[in-house]
Structure formats: structure tokens, C-alpha cells
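These notes concern the structure reproduced below.
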Amino acid sequence: MNATDLLLALALLLLAGSALLARSVQIASVLFIAFGLLLALVWVRLGAPDVALAEAAIGAGVAGALLMLAASEFESRRIGGSRAAGPRLPWPRPQGWRPRWALVLLALACAAVLLLAVLAIEPLAGAATEAVARNLPQSEIAHPVTAVLLSFRAYDTLLEIAVLLVAVVAVQAAPAPPQRALAHDPVLARVAAITVPLALLVALYLLWAGSSRSGGAFQAGAVLAGAVLLARFASLPLDPQSRLTRPPVLALGLALFILIGLVAGALAGAALGYPSGWVKPLVLAIEAALMVSIGATLVALFGGSKTA
Amino acid sequence: MLEALTWLLLALAALFFSAGTLGLLRLPDTLSRIHALTKADNLGLGLAALALLLHAESWAAAAQIGLIWLLALAASATSGYLIARRCLLESHGTPASTLGAPPPGAPPT
Amino acid sequence: METLPPTLPLALTLFALLLVLNLALGLLRVLRGPGLTDRLLAAQLLGSTGVALLLTLAALQGWPSLRDVALVFALLGLLAAVAYARLRAEQHRA
């Protein structure tokens, strides 16, 4: 731990505090993006490039854009534009607002408990890392993170994907804000025409890289979502968003995961196991399907797949 | 020899990066800050990328560094354009549909 | 192109420290503003400085994965700016 780490930690605290106390939701969302960028750097300092990739792509990228969209919708409602008045929204705080001291104390108490818990953790140079290292050759996967996600703890990953599917079903049940057509911006269109395919390539590259180093389905899916969102925001004539956010695409990852888990598992003698020699292609197939589903899920959170 | 060159490139990169950041802090308004950020920082990044490229562990790694720099350049230029345009449109109060129209006050061509 | 020349780690470390200093200064602008646009600009600064820092660390620590993180940083820097510009355009048109 050195001075730069302390600086990063302090910066994170300051950014988080400012985002919570910002005077407008839009400013808060930009602060959140900055927070995500620094958090990704922190993950790098902690020796976790996989998490750094995911944080940069999902936290600062997709979630940042999502917050900006939400903030922009919020601001439109508040200014009163051409929309009917929505429900009263509690931001910014009304005049004469006073902090609720009971809640402040509760929050401080929670923070103290968390701090004590974190300080009590034994450094993880122990059992878990050793176990992974010992069993890695048997899993036939080169990268330990991928091995943990898709072999040793595949069941956890399966459930995570199921949760994502449930979440996106819930989101799609809600009415989406209509997407209004924007003026054509030739510079942006040109840049997007190059950058969107490039981002797709990066997504595929990250998917492939996951088998031997940092990368994998989550990161690739997030970059894929980024590519589609870029196309949407640049108003490219191609409309990948509506094609992508259909139920079959959203469910593809989970379905394939279960299918391979059962079939390959039957051949290997354990559910979610892989027969020897088939591990690499099967894992890649699952990760590819997951990438598409995760990308589609993230895009679906933005709504607006039907044009107004 | 290569070392000296690398030191020089890194020193120049440091200079440009600092210039860009100082510009962001000290210049008076948003438009000039965009200017500082888009130009100085990216030149700094290019010089640093060049320095690192010379010592990359493989041709693939060197190519990747080059690609990252080009992408950062394009991204930075585009975001500079987009943000500056928003600034101008919002401060002059002209509707967004005047894309490509001559700036207000210019003589009609 | 295999082993680094002896003084290179020092040069890279100094450069990295300078970049961290730039990050701190950019942070000042993000926190102070005063407007939304200035903060977004500062976030872009954090992004490009982050790219440089990651490339430097990739060479210094010998982790090629950090270059992939730098690639993603560059991409989402663009996404944030595009989202900002187009959302503002939508908002001011309505």
C-alpha cells in the first residue's frame, strides 16, 4: 500500500459523497461515471484485471449511460417540457430540509460494523487460492477466474444468469420512455460507423481472451451492449436494439447453459460437468451464448426498443 | 540509445499531459478547456504510447498499443466536437436542427 | 524486445506517478464543476489519463491484460460523451 493507493481510496470516498449530495441528478450521474473509472483503477491495483474490465465496461460504461438516460428523463419531467406532469419526484430537496439524525446514526453504525468486519478478514493468501491452483489442471481451463466461474462454481454463474433474466423480464413489463428521432449528425454517424464494429470486435476478442487470460462472457457482453448503445445514441440507420432485445435472445444464455450443463454433465457423470477433452469448446460455447444474452439484457434496460 | 529516446519521449509526454490537465483547471471557460483536453492530452498519450511501443514484448502488443492510441484519439476528438457543439447550441439558444447552418451573425453566402 | 533496459522501470514509475498527480488534479475539476459539462470533461480527462496509466502499468508490471482494460476505457469514454450529447439534444428539443 502506498501513497497512490491512499489517494485513490480518498478519491473514491469524495466522489461517492459528492454524487450523493450533488445538486442535480445529472451531475450525480457524471460523478458516478468518474467513480466507476477510478474504481476500475482500484481493481487493477488490487490485482484483479477481470473485475477492472467488468467495472469499466459495466459500471462506468453501461450503467453510467443508463443513469444519464434516467437523469435526462427526470430533468425533462421537472422542467415540464411537453410531457404531462409525472409523479412528484423528491429531488432536489425542498426548502427547510433537515437531516434525520436517527438515520444518520444508523448509517454510521452500519459503516462501523462493515469496517470492523473488513479489518477482521484474514488475507486471502490461503485456502481458496491454493484449492483453485491445485484443481486448475483438472479443469482443463487455463485462466483461474474462468475456471472458477464456469467450472468449479458453474452453478453460481447459472443462477446469476437466471437472476438477470428475471430482472430483464421485469424491466420489459414496464412502459418504456418513447425514443424521439434526433437530428442527423454526420460526424457522429461516421465515427460510429467505425467505432461500433470495432467495439463488436473488441467484445469478441474479450470473449476469446477469457479462456486464457482476463476477459470472458460478462466483460464481452458489456462491451457488446456498449456497441449497440453507441449505435442507438448515434442514431445509426441500423437498429440492432429492437432485434437484440427479443425474448429468445435474452434467454439464449440461460437455455444453452442449462442444456450443455445437463447433456455434457450426463456424459461427464456430474451435472454442469464437462467430459474431458471437450472442456474448451463447451465453455466457449456457453460463454458466447452468455455474452449475447448479457449484452441483450443490458441493452434492454434502456428501454425504447419500440420507436415512438 | 533507445533508453535515452524513451526517457525523452516520456518526459515530453509528461509535459503535454500536465499542460492538458493544468488547462482543464485554469482556463476560464468550458470551450477552452475542451481545447486543452482534446489536444494536449492526446498528444501526451501518443508520445507515451510511442515510448511504450518501443519496448513492447511482442509485435501483437505493440499493435495493440497503437490501436488503443488511435481509438483514444478518435474518441477524444469526437467527444470534444460533441461537447463543444452542445455548449455552443445551448449558449446561443439556437434549435438543434440548424446543423450545418452558417453561424449566427455570419453574412449569408 | 524482451528484457527492459535497466533504467526503464524508473522512468515508467516516475511517469506513472505524474499521471496519478494528473488524476488528482482532474478529480478537483470533477468535484468542483461548476457545471455539468465541466465535470463530464474532467471525467474524460480521468479516462485518457487512465488509459495512459494502464498502458504504463502494463509495461511496468508485465500484465498484458491491463491493455485490454485501457481499450475498454477508451471505448466507454466515447460512449459517455455520445450519451451526454445526444441526451442533451433530446432534452432541449422537447
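The values are calculated or read from the model by the stated rules, or taken from the named source; none is laboratory data. Owing to the predicted nature of the structure, the values given are computational and were not obtained by experimental measurement. Positions of Cβ are generated from backbone atoms using ideal geometry, with glycine treated the same way; all protein chains shown enter the neighbour counts.
Here C:P34 meets each of (1) surrounded by 24 or more Cβ atoms within 10 Å (Cβ to Cβ); (2) of a type outside the set (D, E); (3) over 22 Å from B:A14 (Cβ atoms) with one exception, condition (1). Can you confirm whether the range B:1-23 contains a residue that is surrounded by fewer than 17 Cβ atoms within 10 Å (Cβ to Cβ), within 10 Å of another protein chain (Cβ to nearest Cβ), within 21 Å of B:A77 (Cβ to Cβ) and not hydrophobic (A, V, I, L, M, F, W, C)? Checked the range B:1-23: no residue is surrounded by fewer than 17 Cβ atoms within 10 Å (Cβ to Cβ), within 10 Å of another protein chain (Cβ to nearest Cβ), within 21 Å of B:A77 (Cβ to Cβ) and not hydrophobic (A, V, I, L, M, F, W, C). Considering the range C:2-15, the residues that are assigned to a helix (DSSP H, G or I) and surrounded by fewer than 17 Cβ atoms within 10 Å (Cβ to Cβ) include one that is nearest to the other protein chains (Cβ to nearest Cβ), namely C:L14.
Yes or no: C:A58 crowded, with 24+ Cβ neighbours inside 10 Å and more than 7 Å from every other protein chain (Cβ to nearest Cβ)? Judged against the criteria, C:A58 is a match.
Looking only at the range A:237-257, residues that are surrounded by fewer than 17 Cβ atoms within 10 Å (Cβ to Cβ) and under 30 Å from C:A80 (Cα atoms) come to 8 in all.
Residue pairs whose Cβ atoms lie under 6 Å apart, sitting 6 or more positions apart in sequence or on different chains, and linking a residue in the range A:29-51 that is more than 7 Å from every other protein chain (Cβ to nearest Cβ) to a partner that is not in a helix (DSSP H, G or I), are A:D50/A:S214. Across the range A:20-40, the number of residues qualifying as more than 19 Å from the chain's Cα centre (by Cα) and either in a helix (DSSP H, G or I) or closer than 18 Å to A:L115 by Cα (or both) comes to 5.
Scanning the range A:52-69 for residues that are more than 8 Å from chain C (Cβ to nearest Cβ), within 13 Å of A:L298 (Cα to Cα) and not hydrophobic (A, V, I, L, M, F, W, C) gives a single hit, A:G59. Restricting the search to helices (runs of 4 or more DSSP H) fully inside the range A:153-260 and requiring at least 3 residues that are among the aliphatic types (A, V, I, L, M), more than 29 Å from C:S65 (Cβ to Cβ) and not assigned by TED's automatic domain parsing to the domain that holds A:L69 gives A:154-173, A:186-209.
A single member of A:I286, A:I260, A:I294 is β-branched (V, I, T), out of contact with any Lys or Arg (no Cβ under 9 Å at 6 or more places or on another chain) and surrounded by fewer than 21 Cβ atoms within 10 Å (Cβ to Cβ), and it is A:I260. When C:L40, C:L66 are screened for being hydrophobic (A, V, I, L, M, F, W, C), buried (at least 23 other Cβ atoms within 10 Å of the Cβ) and more than 10 Å from chain B (Cβ to nearest Cβ), only C:L66 passes.
Exactly one residue out of B:L45, B:L88, B:L73, B:L53 is more than 25 Å from C:A24 (Cα to Cα) and surrounded by 15 or more Cβ atoms within 10 Å (Cβ to Cβ): that is B:L53.
Would you point out which residue out of A:S211, A:S235 is touching a Leu at 6+ places or on another chain (Cβ under 6 Å) and not hydrophobic (A, V, I, L, M, F, W, C)? The unique qualifying residue is A:S235. How about the range C:33-88: which of its residues are small (G, A, S) and at pLDDT below 90? Once the filter is applied, which keeps residues that are small (G, A, S) and at pLDDT below 90, the range C:33-88 yields C:G33, C:G35, C:G62.
When A:A183 is tested against (1) touching a residue at least 24 places away in the same chain (Cβ under 8 Å); (2) at the interface with chain C (Cβ under 10 Å from one of its Cβ atoms); (3) over 27 Å from A:I286 (Cα atoms), only condition (1) is not met. Going through (1) closer than 24 Å to B:D29 by Cβ; (2) in contact (Cβ under 8 Å) with a residue 24 or more places away in the chain one by one, C:Q91 falls short only on (2).
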